[in-house]
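Below: one structure, written as structure tokens.
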Amino acid sequence: TRAGKAGKPLSPTGRLLNSSGYILLNISKLPDDDKNLAAQMIGGYKNHILEHRLVMAKKIGRPLKPHERVHHLNGKKSDNKPENLMLTDAIAHNHIETRVYNELSKRIHLLEEENNSMKIRLKNCNNL
């Protein structure tokens, strides 16, 4: 997935929230060790790196390969704590995203049914 363009500044330290909800880091403002690691993984940005990719690279002790994906376990794209990130590949990541989408769709359907049922019950109570 494409991360989107750099956008809304989060702090003077060079953190930006892009239009897709991911955090970008300004490479020039990183500590030297992080700059070196980030330089090995530059993707579609010249001056920025996706924070979750840098966090995962630091967690596993090596640069990420281009085909590797980082999944946010809680679904929050800006929650880049190491314990919230899982390394996967594009195919596995698509399966995860599909499974999550399907589960959310089922939950939405159940909530809509429950909501309709409650509306009917409320209407019946008001008619008494």
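The values are calculated or read from the model by the stated rules, or taken from the named source; none is laboratory data. Predicted, not measured: the structure shown is a model, and the values here were computed from it. We place every Cβ from the backbone using ideal geometry, glycine too, and count neighbours over all the protein chains shown. The accessibility values were calculated without ligands, DNA or RNA, using every heavy atom of the protein model including side chains. Shrake-Rupley method; radii C 1.70, N 1.55, O 1.52, S 1.80 Å.
A simple packing score, the average count of other Cβ atoms within 10 Å per residue, orders the peptides 60-66, 104-110 as 60-66, 104-110, with the highest score first.
Measuring how big the chain is from its alpha-carbon positions, Rg and Dmax come out at 20.4, 73 Å. Here the contact order of region 16-128, divided by its residue count and restricted to Cα pairs under 8 Å and six or more residues apart, works out to 18 percent. Ordered from largest to smallest accessible area (heavy atoms of protein chains, 1.4 Å probe), the residues T98, T88 come out as T98, T88.
Rounded to the nearest 20, the size of the Cβ-charge dipole of region 67-128 about its Cα centre is 340 debye, with Lys and Arg at +1 and Asp and Glu at -1. Between I120 and A92, the simple spin-label model (points 7 angstrom out along Cα→Cβ) gives 4.5 nm. According to the Kirkwood relation over distinct C-alpha pairs, the hydrodynamic radius of region 39-82 is 11.0 Å. Convex hull volume of the Cα atoms of region 79-128, normalised per residue: 88 Å³. Which whole-angstrom value gives the distance between the alpha carbon centres of region 63-89 and region 101-128? Centre-to-centre (Cα) distance: 35 Å.
Once the C-beta distance of Q40 and R107 is scaled by a Förster radius of 41 Å, the resulting FRET efficiency is 0.55 to the nearest 0.05. Comparing A57, N84, H71 along the charge dipole axis of region 46-85, the residue lying farthest to the positive side is A57, per the Cβ-charge model. Ligands, DNA and RNA are left out, and with a 1.4 angstrom probe the accessible area of the chain is 70 Å² per residue.
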